Amino acid sequence: MRADSWAFQSDNNASRAMERTRGRLACSTVGLWLGLLLLCSWGFPGSAEPRAPPENIAIIGAGIGGTSAAYYLRQKFGNDVKIDVFEKGEVGGRLATVTMQGQEYESGGSVIHPLNLHMKRFVKDLGLSAVQSPSGLVGVYNGETLVYEESSWFIINMIKLIWHYGFQSLRMHMWVEDILDKFMRIYRYQSHDYAFSSVEKLLHSLGGDDYLGLFNRSLLETLQKAGFSEKFLDEIITPVMRVNYGQTMNINGFVGAVSMSCTDPGLWAVKGGNKLVCSRLLQASKSNLISGSVMSIEEKTRTKQTGNPTKVYEAVYQTGSETHSAFYDIVLVATPLNRKMSNITFLNFDPPIEEFHQYYEPLVTTLIKGQLNSTVFTSRALDEFDLGTVLTTDNPDLFINSIGFVSSVEESNNPQPKADRSHVWKIFSAGPLTKEQILKLFVSYDYAVKRSWLAYPHYTPPEKCPSIILHDRLYYLNGMEVAASAMEVSAVAGYNAALLAYHRWNGHTHMIDQEDLYEKLKTEL
Ligand SMILES: Cc1cc2nc3c(=O)[nH]c(=O)nc-3n(C[C@H](O)[C@H](O)[C@H](O)COP(=O)(O)OP(=O)(O)OC[C@H]3O[C@@H](n4cnc5c(N)ncnc54)[C@H](O)[C@@H]3O)c2cc1C
Ligand SMILES: CC(C)=CCC/C(C)=C/CC/C(C)=C/CSC[C@H](N)C(=O)O
């Protein structure tokens, strides 16, 4: 009510009324100030003045997941927080190279999709450059013969594909494109700072129940229901799953689509090696790299300089033969949690943090410089053999998943064979190759280098992804690999965990697990 409306009343009434008004105004002014004070200390919804940042954050693992999380945590929390990144092996993790005759070759994560926007952005912002991945002709071998061979003539290829499989190849392409389009919604959500507390909620936000359904059903079931023929699935889809994930069509439909997207043109890699992205992210985030293995995490109460008792996490870690410990306000676990890969114990949590038993598929990468014995695959002589990659069908007699020629991390074009027609070839197999097996594949060879991996989750849908929030301020990134394992997915997981940690620290609940984000953000520029 406005005070001037009382001016027409009698003096007494007016003065009493004025007093009442002043009283009310005083009350409401006090109320207003109190309200303002409270809002300042709690934060305005939406435009929050963040609470003081955490003092110390730990990230366990310096692969692409951990280093991208460090980068985004720095952006969100600013320069006052100390970020320690623990790494028990090499920075890069599953992004790694092997050296042959002074040249480096990718032995882990190799190819990046042209629409992997986080990786693209990293390369641009961190002063790196991209090289095109080799795109030789592809053939499919079933143990007896090449059941499919690509031609260098686009039109002949189309005719061959339609002749063998009708329009299934085109339909497959459209199916993958739709899934990729929806995946790309995550970039919009993340650029608006939205975070998700579970992988299921993230997938659901991308495309609703159908999208989540992809993750819960096998690729085989999904594609059979969609009417793809057994011949097409055996001769085209299975070989692609074998080269990319070393598994069959029993993997989930989402990772199946991610794998199929590797048949798109324009795949690329980072000049000098993909692992450079990780070391540059560490530098750019001004993190402190600790070369050590984290053994346990336990919640403790500590009295900080302010005198207030505060809950923190104690990380016990080993560097060489020495054991140390340090305290953190927030911890991000950026490595698969299983005994063989990270062996981290969560001590005295109530309720206990569950043990994860995700089985990771053993896979061996062998790089060989030599002259291929093309007669293994075809009766044609080597000088008529023009395939750059041979994929294989699901035949138990075959001892390789694939073989393909590769270029070094410095080469920017398709590798040229040497005068003796020798190339560097990369072979994926479930186990290490014996000398006899190598001699079967090569007429002669100069060098062979192998690297064994626990490469990807063994996919067995329907699956439940581990929670991203393991405890109050303790986060887990690699549950996302249960949906699909790829560099870009780890970068998405790293960004999501950084946003989640930031919003939960500041109480921004409205930025977490928003429903219908796609619709809500449609009108935003
Ligand atoms: C052979 C192979 C080929 C691949 N090809 C591709 C590809 O072409 N394209 C693609 O996109 N993806 C590919 N991938 C998948 C991709 O490499 C991974 O999805 C991605 O690199 C995983 O990154 P990450 O940071 O989540 O995990 P990791 O890279 O595994 O990082 C985890 C890190 O944590 C460290 N660590 C573990 N425990 C501890 C501990 N207790 N204390 C301290 N440190 C610890 C590890 O040493 C490791 O460095 C491939 C993977 C393999 C193995
Ligand atoms: C996340 C999205 C939408 C796309 C990523 C596509 C991609 C690059 C997936 C990687 C799949 C993978 C694990 C490939 C391993 S083998 C790669 C290559 N054939 C090689 O020879 O090294």
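Here are a few things to note about the model shown:
- Across the stretch 195-247, the qualifying residues are those that are hydroxyl-bearing (Ser, Thr, Tyr) and without any contact (Cβ under 8 Å) to a residue 60 or more places away in the chain, and the one among them that is nearest to residue 167 (Cα to Cα) is 222.
- Every residue from the stretch 441-494 that is crowded, with 16+ Cβ neighbours inside 10 Å and aromatic (Phe, Trp, Tyr): 442, 445, 453, 456, 459, 475, 476
- The residues on offer are 452, 467, and the sole one that is of a type in the set (Ser, Thr, Tyr) and near ligand 1 (Cβ under 10 Å from one of its atoms) is 452.
Yes or no, residue by residue, for (1) within 16 Å of ligand 2 (Cβ to nearest atom); (2) surrounded by fewer than 23 Cβ atoms within 10 Å (Cβ to Cβ); (3) within 18 Å of the chain's Cα centre (by Cα); (4) within 30 Å of residue 408 (Cβ to Cβ):
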{"residue": "197", "(1), (2), (3), (4)": "no, yes, yes, no"}
{"residue": "210", "(1), (2), (3), (4)": "no, yes, no, no"}
{"residue": "217", "(1), (2), (3), (4)": "no, yes, no, no"}
{"residue": "220", "(1), (2), (3), (4)": "no, yes, no, no"}
{"residue": "251", "(1), (2), (3), (4)": "yes, no, yes, no"}
{"residue": "258", "(1), (2), (3), (4)": "yes, no, yes, yes"}
{"residue": "263", "(1), (2), (3), (4)": "yes, yes, no, yes"}
{"residue": "268", "(1), (2), (3), (4)": "yes, yes, yes, yes"}
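- Of the numbered criteria (1) away from ligand 2 (no atom under 16 Å from the Cβ); (2) among the polar types (S, T, N, Q); (3) at pLDDT 95 or above; (4) farther than 30 Å from residue 212 by Cα, the one residue 422 fails is (3).
- Strands (runs of 3 or more DSSP E) fully within the stretch 326-398 that include at least 1 residues being crowded, with 16+ Cβ neighbours inside 10 Å and within 16 Å of ligand 2 (Cβ to nearest atom): 360-372, 387-392.
- Output for the stretch 60-91, where each listed residue is among the acidic types (Asp, Glu), more than 6 Å from ligand 1 (Cβ to nearest atom) and outside any loop (DSSP other than H, G, I, E, B): 84
- Residues that are more than 9 Å from ligand 2 (Cβ to nearest atom), among the hydrophobic types (A, V, I, L, M, F, W, C) and outside any strand (DSSP E or B) were ranked within the stretch 92-118; the one that is farthest from residue 452 (Cα to Cα) is 117.
- Pairs where the first residue, in the stretch 395-408, is closer than 19 Å to residue 133 by Cα and of a type in the set (S, T, N, Q) and the second is more than 16 Å from ligand 2 (Cβ to nearest atom) and not in a strand (DSSP E or B), C-beta under 8 Å, 6+ apart: 407/413
- Between 445, 456, the distinction of being assigned to a strand (DSSP E or B) and under 21 Å from residue 277 (Cα atoms) belongs to 456 only.
- In the stretch 311-330, the residues that are under 16 Å from residue 53 (Cβ atoms) and in contact (Cβ under 8 Å) with a residue 12 or more places away in the chain form Cβ pairs under 9 Å with partners that are surrounded by 12 or more Cβ atoms within 10 Å (Cβ to Cβ) and of a type in the set (S, T, N, Q), at six or more places apart or across chains, as follows: 312/56; 327/56; 328/56; 329/56; 329/310; 330/56.
- When the stretch 63-91 is limited to residues that are polar (S, T, N, Q) and either within 16 Å of ligand 2 (Cβ to nearest atom) or over 16 Å from the mean Cα position of the chain (by Cα) (or both), the one that is surrounded by the most Cβ atoms within 10 Å (Cβ to Cβ) turns out to be 68.
The values are calculated or read from the model by the stated rules, or taken from the named source; none is laboratory data. Computed from a predicted model, the values in this text were never measured in an experiment. Please note: Cβ atoms are built from the backbone with ideal geometry, for glycine as well, and neighbour counts cover all protein chains shown.
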